[in-house]
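K.L.:
Mind having a look at this structure? Questions to follow.
Values in this text are rule-based calculations from the coordinates and carry no lab data. Since the model is a prediction, treat every value here as computed from it, not as a measurement. Glycine gets a Cβ as well: all are built from the backbone with ideal geometry, and neighbour counts include every protein chain shown.
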């Protein structure tokens, strides 16, 4: 390893400074029981000194899970959908999930855009086709 720290400290830099392997740092982060208390304390101290934060994008790539919930909302400004979305966000946050929401407004402007993209006036079938174009949910 080099002595030049990366722009944002990563797990290998923490390991280098703490004098342990990156796997030991990983085990400390996961609270694995087979880590000596003095080693755990040293790694945690380096993590704090370097202000290390796990990279959620790297975690998502490694586990193939992004801990994100997609929500489609018909009218996010109405009280019912808005309060439901807030409840979803609170429950998801408590379990370390993030929420991405997309508002499918039913006003004239969005229905006109939908009509133009589906080739006709906004019927139920065309509205479903328009809404199905939202990706990542």
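K.L.:
Treat the count of other C-beta atoms within 10 Å as a stand-in for reagent exposure and order 83, 21 from fewest to most.
P.N.:
Fewest-to-most ranking of 83, 21: 83, 21.
K.L.:
Please give the length that would be gained between residue 39 and residue 90 if that part of the chain were fully extended, namely 0.36 nm times their separation in residues minus their C-alpha to C-alpha distance (nm, one decimal).
P.N.:
Using 0.36 nm per residue and subtracting the Cα-Cα distance, I get 14.8 nm.
K.L.:
Right, another one. Quote to one decimal, in nm, the extra length available between residue 66 and residue 100 on full extension: 0.36 nm per residue of separation minus the C-alpha distance between them.
P.N.:
That pair, residue 66 and residue 100, stretches by 11.1 nm at full extension.
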